[in-house]
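Single-structure report; data block below.
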Amino acid sequence: MGDKNSKSDNKYDYGRSEYYYNRELSWLAFNNRVLGEARDKEIPLFERLKFLGITASNLDEFFMVRVASLKDMVNAGYTKKDIAGMTPAEQLEVVNRATHELVGLQYSVYNKSLLPLLAQNGLTMIESHEDLVRKDCAFVDRYFQDYVYPVLTPMAVDSSRPFPLIRNKSLNLGALVSRKTVKSRRHLFNKKSSQGKELEFATVQVPSVLPRIIQLPEAADGTKRVILLEQIIERNMDKLFLNYNIECSFPFRIMRNADFSFDEDETEDLLKEIEKQLKKRQWGQAIRLEVEEGIDRRLLDIIRKELMIDERDIYSIPGPLDLTFLMKMYGLEGFEHLRYSPYTPQPVPEIEPDDDIFERIREQDILLHHPYQTFAPVVDFIKQAAKDPQVLAIKQTLYRVSGNSPIIAALAQAAENGKQVSVLVELKARFDEENNIVWAKKLEQAGCHVIYGLVGLKTHCKITLVVRREEEGIRRYVHLGTGNYNDATAKLYTDLGILTCNEAIGEDATAVFNMLSGYSEPLGWNHLALAPLWLKDRFLYLINREKENAMEKRPAKIVAKMNSLCDPDVIKALYEAASKGVKIQLIVRGICCLRTGVEGTNDNIEVRSIVGNFLEHARIFYFENAGDPELYMASADWMPRNLERRVEILFPVLNADLKEKVWHVLEVQLRDTQKAQFLQADGSYRKIDSRQEGKEKSAVNAQELFCKEYVALAAKKEKEGQQARTFKPEYNQAIQN
Amino acid sequence: MAYKTFAAIDVGSYELAMKIYEISNKNGIKEIDHIRHRIELGTDSYFMGKINNDRVDELCRMLNEFMAIMRSYKVDDYKAYGTSAIRESQNRLILLDQIETWTGIHIDALSNSEQRFLDYKSVASRVKDFQSIIEKSTAFIDIGGGSVQISLFDEDSLVTSQNIRPGVLRMREELARVSYRSYQLEDIVEEMVCDSLDSFREMFVGDKKIQNVILVDDYVSQIVQRNYIKTIKKGQVSTEHFLEFVDSLKKKKAREIAMSLGLAQENIALLHLSALMIKYMIKLLGAEMLWAPGVSLCDGIAYEYAEQNCLLSSDADGMPHDFEQDILDCARDINRRYHSGEYRTREREMIALTIFDSMKEIHGLSRRDRVLLQLAAILGDCGRFISLASVGENSYNIITATEIIGLSHVEREVVASVVKYATEKFDYYHIMDDNASLDKEAYLKIAKLTAIIRLSDGMDLSNRGKCSKLKVVNKNDELVLTVETNADMTLEFGLFDKYASFFAEVYNIKPVLRQKKSNI
């Protein structure tokens, strides 16, 4: 394994920090690219709203995990530099600056571009309750009385009532209130009002159980109008604190450190420990405070002091806090013309709806390309296995599953039908811990053998094994994928999967589950490579093989598509391969710590990022291998966490037809001129300038092209089906002629 | 297609393993699953004499999981064997009973010779080239946790099979008590094994060059099978390349080796010791080719099961090798070592087997018992090497002290007892049952086989080949033994009752000796 700091046989030491980007800044650059979609005038308005909402949601997660982690490091006095040569304190400093800029940009897009456009298109956002007309006031007050008031818990703070727990990510209204009849009590938080009255702090959480966006009755001209829930509450604050005067009230929101850790070796019951830690998440250190621009300084001081938050972690927001509501707004009825027409995932031609899926898999390996193709075959694979009397066992790994998962239901059904069902539910899947605990318990109740995950590792691989006792003996059917077993996200994330009954892969799949069950590693693997034990070495071997081929003047090329690239050993190997002449084309959606234009690499490395309507999620790896190309897919990115701290699987595409199809996926993405943005030597990303590229280069939007191709494929299949049902009359050829 | 699903469990000295197989007439033995759990039972039993309770708990937990896996495959049958760690545990019977109570899994403890024989069967049954390889001089090296078994083949026959201590786990534990530097390891290992290896060479190899080494072990075989050493073909490496590989190990740290070979770091110490042992054996034998078929005891268990239950067609997987002949070859080798006359034993074998075959319906003994009888016939005179008096007692001592590959301890005791009682006064059960390894069934077997051996001895007292033409007929409660010979049978007729009385007592049939003279 390479050491980042060791000298290589190269003229250049590619382990040096100057050849790497900081991963946090690279992530912020990615979120900027998503924000770019919200700014793109070519994109329908409501899609732009959605992208803006996504940037807000992304940023929340970034704070809770990455910024929190940097703060932890700084607080612990940790000074080790990252691959880009920055200490945690230095990183925090630049991240803070960049985040403030990003937030500024978000609200600039919201206020200056999107709100006016919404108004032009017949949707008015009432930004403040003070802008409501009398008729609307009556409506919102009634709404408050009927729906909101019953679920509110207003809390005032005085000597007998301590500062309440402000829940992570919750939206709150903070207020300064004064008693209508002044008593002589004083409290730490008491201030004097301008009239000399003593002020107390009061707060109420905006309930998450109610919709954030409330539609007001339509205006006479048919314009739709909406107001946010916090505005309705703010208007009615006096009803919550009856004996008080409301001096001022403003929304605020906090973000807490949600990155919990515990000693798994010392934990007897992982499930209980995680449940305990989840509760603690609400108490994590506050790391970010968002307040409405113009908040009363006295109110801000109280909140800041109580939450012990730094001035630089306060974000003064020129608009509504928490823009994730825009993702809900995306679904408002009556604006279909402002969205892309919804794409329906197409049927998989190899599998008809009522087919025996096992028979189809026996005929040939089947490639699934989501969301262009439906996820139904994966669900049906489990459903049919659950009912099939010949099936002995079903084994599956689950990382993130949907709210009402048909896969969970099928697994439970299988256990009830007497199959041996083993499921590894990864309880440590970040932000899905609570969901997964619920699923784990449900599966256990149904009689499944549930493994909660492995000590010290997250099981991120996506694999299903169905063991079937057939006439010829035991046969194993395997699904391997790049994305989660989540029927909901399979409509939004681009992923690839393979259904196969290849015996060698079946053997390997059995060995994977044996290892996940705690048994020793197999004596050898046929085709699969697993992290954390073998995968990184395998990747490094494949990259180095290309380097050696290039040195021997044999064809050498790497095309790799992934979500993130930040493993220093892999990046160093890529630089070294490029310096020997290997052409490297990387399609990295998110974080990329590799730089382009690095000295000695002779511009052999090209990095593009595709951010489109679907979330690019597949991991595909192509190695030229001296003219005998090898194609792999994986659940892993080229990140240390994937290669060293997770259970991941790299699997080869063996079938020639499937290889062609998977190569087509890469090839189309490499041709994308619409959504692809290229990493520049200065770290910025730039789209292809069609004017510079020349008119002969036709515009390609990879995601749109895939949609069209799969629709055409399904239509062709349907047409063939119809033709097959048509009688074909025969004529006397002689007469015809 | 009809097939059986079978599970083979190996409770080894550092690993618990289970393999699931499908066995069918058409496809032979096909491995479906292989589950392994590392548990060093040998560390306890080799050095403390007992397996500690925590490890027993862990073993039971894992066996319960194995049971669940067996249910999931709906296995038709299973067989579980314990090897040296179980065998050497002083409280073996209590331990095995406990395991059966807690898990429902019955484990039989294998003797070393049975275990090695199964390993050997697994190689012979799984590998098509086996027959052609052993036609050349070949050493079969089976490295276990407690000991190493070396068997020599020449021209398709087993020449000898010897057990040498220590095995890799035992060696690792012994080394743990020695303070040494890493560069000294090779020399220390050499010191530990070379004395036994030199004796082996002197006694059994001489100047002969052993061309091939067939290896059964848990670590080096993996490396060879996974092509980490340049292979000639799957599983075969030149000894030159192998020795280069062993040399490369000493330059690396355990972590580096683990990373480069894709092994768990905890296995590296045992890999290294295994590799060093093989290195010294290769050097000692002068072998040119190392062949590691990557089979395990479980494969042998499955083969044995398939064989016993007639699940394989005669041509399935091509099984030309005669394993019973190996056991007999091994016995003949012992005879040679003790300078016992081959001609005499051949005659005795023939008479005993003719009698045995003619009274199948009466004795109710099995084909395996026939092999035991033949072994007793072969080994009957080996005690003469010590003294011409008390040949029975001396032979008994030699046989019980010698490992005969393929025999369990009980079977070896049966053979030795038959040899002993062929000439000594028969001890009835109340005396014989002092020997804890013999139960009533074994006792009766000894009695029945002794009766046949005594009778056959009585038919050619001077060992002059008088009975080369023998016909045996069982009729009217008499066993008529007709010898076609012109030799003088006066002595045999005169003393026949002395040798036949025990037969009559055991079978309640009167043996009658008749002579038919040939026309001159």
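Derivation of every value follows stated rules applied to the coordinates shown; laboratory data play no part. Fair warning: this is a prediction, and the values are worked out from it, not measured in the lab. All Cβ positions, glycine included, derive from the backbone under ideal geometry; neighbour counts span all protein chains shown.
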For a quick check of your reading of the filter: which trypsin sites (Lys or Arg not before Pro) in segment B:201-249 sit in a DSSP loop and have no more than 15 other Cβ atoms within 10 Å?
B:K208, B:K209, B:K230, B:K234
Is there a simple number for the mean count of other chain Cβ atoms within 10 Å of the Cβ of residues in A:411-424, and what is it?
1
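If you take every DSSP beta bridge fully contained in chain A, what fraction is antiparallel? Give it as a percent rounded to 5. Show your work: numbers first, answer last.
Working: 76 of 110 bridges.
Bridges in chain A that DSSP calls antiparallel: roughly 70 percent.
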With Cα atoms, 0 to 90° folded angle of helix B:391-401 axis to chain B main axis
20
For A:K180, go through the aspartates and glutamates and keep the ones whose alpha-carbon is under 18 Å away, minus same-chain ones fewer than eight residues off.
A:D158, A:E198, A:E200, A:D238, A:E247
Can you tell which of A:V177, A:F252, A:T510 lies farthest toward the positive end of the dipole of chain A, using +1 and -1 charges on the Cβ of basic and acidic side chains (Lys, Arg; Asp, Glu)?
A:V177
Pairs B:K420/B:K448; A:K572/B:K230; B:K26/B:K74; B:K19/B:K74; B:K136/B:K209; B:K475/B:K498: which are spaced more than 18 Å apart, C-alpha to C-alpha?
A:K572/B:K230; B:K26/B:K74; B:K475/B:K498
For A:K41, which lysines qualify as cross-link partners when the Cα separation must be under 26 Å and same-chain residues fewer than eight apart are set aside?
A:K50, A:K112, A:K224, A:K328, A:K491, A:K675, A:K687, A:K695, A:K697, A:K708
Could you pull out the trypsin sites (Lys or Arg not before Pro) across segment A:1-105 that fall in loop regions by DSSP (anything but H, G, I, E, B) with no more than 10 other Cβ atoms inside 10 Å?
A:K7, A:K11, A:K41, A:K80
Under a 5 Å amide H to amide H cut-off, with H placed in plane at 1.01 Å, what residues pair with A:L424 once short-range neighbours are removed?
A:Q396, A:T397, A:L398, A:I451
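What's the extension gain from A:D682 to A:D301 if we count 0.36 nm per residue and subtract their Cα-Cα distance?
Working: separation 381, 0.36 × 381 = 137.16 nm, distance 4.04 nm.
Fully extending the segment from A:D682 to A:D301 adds 133.1 nm.
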Pairs to check: B:K250/B:K279; B:K4/B:K30; B:K251/B:K279; B:K471/B:K510; A:K428/A:K536; B:K50/B:K79. Give those whose C-alpha atoms are more than 18 Å from each other in this structure.
A:K428/A:K536; B:K50/B:K79
Once Lys and Arg get +1 and Asp and Glu get -1 on their Cβ, which of A:H100, B:N53, B:L297 lies farthest toward the positive end of the dipole of the protein assembly as shown?
A:H100
In whole percents, the bins of 10 Å from zero upward hold the Cα-Cα pairs of chain A as 2, 12, 21, 24, 20, 12, 6, 2, 1, 0, 0, 0
From the phi angles alone, apply the Karplus equation (6.51, -1.76, 1.60; θ = phi - 60°) to segment A:435-442 and give each ³J(HN,Hα) in whole Hz, x where the residue is Gly or Pro.
3, 5, 5, 4, 5, 4, 5, 5
Which whole number gives the average count of other chain Cβ atoms within 10 Å of the Cβ atoms across peptide B:25-33?
3
Theoretical FRET efficiency, 1/(1+(r/R0)^6), r = Cβ-Cβ of A:Y541 and A:K11, R0 22 Å, to 0.05
0.40
Bins of 20 Å from zero: percent of alpha-carbon pairs in chain B
21, 50, 25, 4, 0
So, with +1 on the Cβ of K and R and -1 on the Cβ of D and E, and no other charges, what is the size of the charge dipole of the protein assembly as shown about its Cα centre, to the nearest 20 debye?
2920
What's the angle, to the nearest 10 degrees (0 to 90), between helix B:367-379's Cα axis and the longest principal axis of chain B?
80
What base-10 log of the normalised intensity I(q)/I(0) is obtained for segment B:17-99 from the Debye formula, alpha carbons as equal point scatterers, at q = 0.23 Å⁻¹?
-1.11
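Figure the gain on full extension for A:R360 and A:A656 (residue separation times 0.36 nm, minus the Cα-Cα span) and round it to one decimal in nm. Write out the running numbers ahead of the final one.
Working: separation 296, 0.36 × 296 = 106.56 nm, distance 1.74 nm.
The A:R360-A:A656 span can extend by a further 104.8 nm.
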If eta is 1.567 mPa s and T is 4 °C, what Stokes-Einstein diffusion coefficient results for segment A:343-403, Kirkwood Rh from Cα pairs, in µm²/s?
101
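For segment A:452-553, which GluC sites (Glu not before Pro) pass both filters: DSSP loop (anything but H, G, I, E, B) and at most 10 other C-beta atoms within 10 Å? List each step's numbers first, then the result.
Values: sites: A:E470, A:E471, A:E472, A:E503, A:E507, A:E546, A:E548, A:E552; in loops: A:E471, A:E472, A:E552.
Sites meeting the loop and neighbour criteria: A:E471, A:E552.
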Pairing rule first: another cysteine's C-beta must sit under 4.7 Å. Under that rule, which cysteines of chain A stay single?
A:C137, A:C248, A:C448, A:C461, A:C501, A:C592, A:C707
Could you list, bin by bin from short to long, the percent of Cα-Cα pairs of segment A:543-656 in 5 Å steps?
2, 13, 21, 24, 21, 13, 5, 1, 0
Nearest 10 degrees, 0 to 90: what angle lies between the long axis of helix A:406-416 and the longest principal axis of chain A (Cα atoms)?
70
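If you wrap the protein assembly as shown's Cα atoms in a convex hull and average its projection over all directions, what's the area in nm²? Intermediate values should be presented prior to the final figure.
On the way: hull surface 289.3 nm².
With every direction weighted equally, the projected area is 72.3 nm².
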May I ask you to list the residues of segment B:260-276 whose amide nitrogen lies under 14 Å from a point 7 Å from Cα along the Cα→beta-carbon direction of B:S248?
B:260-263
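Please compute the alpha carbon radius of gyration of segment B:162-299, then divide it by the globular-protein estimate 2.2 N^0.38 Å. Two decimals is fine. Write down the numbers at each step before the final one.
Details: Rg = 14.7 Å, N = 138, 2.2 N^0.38 = 14.3 Å.
Working it through for segment B:162-299, the quotient is 1.03.
To the nearest 20 debye, what charge dipole does chain B have about its Cα centre, counting +1 at the Cβ of each Lys and Arg and -1 at the Cβ of each Asp and Glu?
Values: 66 positive and 79 negative charges, 137 e Å.
That gives a dipole near 660 debye.
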Considering Cα pairs under 8 angstrom that are at least six residues apart, work out the relative contact order of segment A:18-104 and quote it in whole percent.
37
Taking Cα pairs closer than 8 Å and at least 6 residues apart, the relative contact order of segment A:531-720 in percent is 22
Would you kindly state how much longer the chain becomes between B:N52 and B:E324 on full extension, computed as 0.36 nm times their sequence separation minus their alpha carbon distance, in nm to one decimal?
94.1 nm
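Take the alpha carbon atoms of segment A:611-688, find their radius of gyration, then divide it by 2.2 N^0.38 Å using N residues; give the quotient.
For segment A:611-688, the normalised Cα radius of gyration comes out at 1.28.
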Output the Cα-based Rg and Dmax of segment B:324-516 in Å, rounding Rg to one decimal and Dmax to a whole number.
15.6, 47
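Please check chain B for the longest run free of chymotrypsin sites (Phe, Trp or Tyr not before Pro) that are loop-located per DSSP (anything but H, G, I, E, B) and have at most 15 other Cβ atoms within 10 Å.
Values: sites that count: B:Y180, B:Y428.
With chymotrypsin sites (Phe, Trp or Tyr not before Pro) excluded where exposed in loops, chain B gives B:181-427 as its longest stretch.
Give, as a single signed number, the net charge of other residues whose beta carbon lies under 12 Å from the beta carbon of B:G144, with Lys and Arg counted +1 and Asp and Glu -1.
On the way: positive: B:R87, B:R116, B:R165, B:R170; negative: B:D10, B:E15, B:E88, B:D119, B:D142, B:D217, B:D218.
With Lys, Arg at +1 and Asp, Glu at -1, the neighbours total -3.
Relative to the Cα centre, what is the charge dipole magnitude of segment A:311-421, using +1 at the beta carbon of each Lys and Arg, -1 at the beta carbon of each Asp and Glu, and rounding to the nearest 20 debye? Before the final figure, lay out the partial values.
On the way: 10 positive and 16 negative charges, 74 e Å.
That gives segment A:311-421 a dipole magnitude of about 360 debye.
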Derived scalar couplings ³J(HN,Hα) [segment B:33-38; Karplus, 6.51 cos²θ - 1.76 cosθ + 1.60; whole Hz; x for Gly, Pro]:
8, 9, 10, 10, 9, 7
If each of B:S462 and A:A76 carries a label point 7 Å out from its Cα toward its Cβ, how far apart are those two points in nm?
9.6
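With the convex hull built on the Cα atoms of segment A:357-524, state its orientation-averaged projected area in nm². Let's see the in-between values first.
Details: hull surface 37.9 nm².
Average of the hull's projected areas for segment A:357-524 equals 9.5 nm².
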What is the spread of the Cα atoms of segment A:1-136 along each of their three principal axes, largest first, in whole Å?
74, 36, 21
Return, for the Cα atoms of segment A:79-136, the radius of gyration and Dmax in Å, separated by a comma.
19.9, 61
